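Structure, as structure tokens:
The values are calculated or read from the model by the stated rules, or taken from the named source; none is laboratory data. Since we're looking at a predicted model, the values are computed, not measured. A quick note on method: Cβ atoms are made from the backbone with ideal geometry, for glycine too, and the neighbour counts reach across all protein chains shown. With ligands, DNA and RNA removed, areas are computed over all heavy atoms of the protein, side chains included. Shrake-Rupley method; radii C 1.70, N 1.55, O 1.52, S 1.80 Å.
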Amino acid sequence: MKFLQLSVDFQLRSKILTVQNSYNLLCRNFDAGLAECCHHERISLLAYSPMAMGILSGKYHSSDDSGPPDARMNLFKGRYSEGESRYNLQNPKLESAVKEYRRIGVKYGISPSILAVAFVLRHPLVGSAVFGATKLWQLEEVLQATRVHLCEEILAEIDDVHARYPSPCP
């Protein structure tokens, strides 16, 4: 807001067009902190990490709780402090929320990854989602998510999970 005011005061031609923030089913801080300002100032959100570093795929909460060896959180363990602190795999609220979102996907025949990305893309302020696919099938799921419509029943269930586990990954 300060930059926007200064750009008016000094008659700058530059305007903020986008902000890039983490936004996903587990981290919805944008909605509480910036969405209103962005709406009024016509600023889009570039939502990064729509699958919460792959956590929303459910692969980290499988039978061994560590995920595949080639998963991002394992490949870069100890080298990505922000991601590891935000997406703490030992957080019981995170694990419970992920299980609930996976349950919703199973109930409606939608993969957890597609559900996660489709949720982000439906936000009216999202201009684009920034994701990191390391395998072709992951990119294919992201592309499928662009064609998925989340009905009111699904959204109500998502909101219910969010009410019980509000942003476990701030």
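Taking the criterion of being assigned to a helix (DSSP H, G or I) and over 20 Å from the mean Cα position of the chain (by Cα), the residues of segment 13-42 that qualify are HIS40, GLU41.
Criterion first (farther than 19 Å from MET53 by Cβ and touching a strand residue (DSSP E or B) at 6+ places or on another chain (Cβ under 9 Å)) does GLY127 satisfy it?
Values: farther than 19 Å from MET53 by Cβ: yes; touching a strand residue (DSSP E or B) at 6+ places or on another chain (Cβ under 9 Å): yes.
Against the criterion (farther than 19 Å from MET53 by Cβ and touching a strand residue (DSSP E or B) at 6+ places or on another chain (Cβ under 9 Å)), GLY127 qualifies.
The lone criterion from (1) part of a loop (DSSP other than H, G, I, E, B); (2) under 15 Å from the mean Cα position of the chain (by Cα) left unmet by ILE110 is number (2). Entry remark, segment 46-56: residues being on the phi < 0 side of the Ramachandran plot and surrounded by 19 or more Cβ atoms within 10 Å (Cβ to Cβ) number 5 in total. Taking the conditions exactly as written (of a type outside the set (D, E, K, R), open to solvent by 60 Å² or more (accessible area, probe 1.4 Å) and out of contact with any Asp or Glu (no Cβ under 6 Å at 6 or more places or on another chain)), does PRO92 satisfy them or not? Yes. Here GLY83 passes the criteria (1) open to solvent by less than 70 Å² (accessible area, probe 1.4 Å); (2) within 22 Å of LEU34 (Cβ to Cβ); (3) modelled with pLDDT of 75 or more except the one numbered (3).
If you filter segment 1-45 down to residues that are loosely packed, with under 12 Cβ neighbours inside 10 Å and among the acidic types (Asp, Glu), you find that the one that is modelled with the highest pLDDT is GLU36. If you take the residues of segment 114-142 that are modelled with pLDDT of 95 or more and part of a helix (DSSP H, G or I), which of them is surrounded by the fewest Cβ atoms within 10 Å (Cβ to Cβ)? Ranking the candidates gives LEU121 first.
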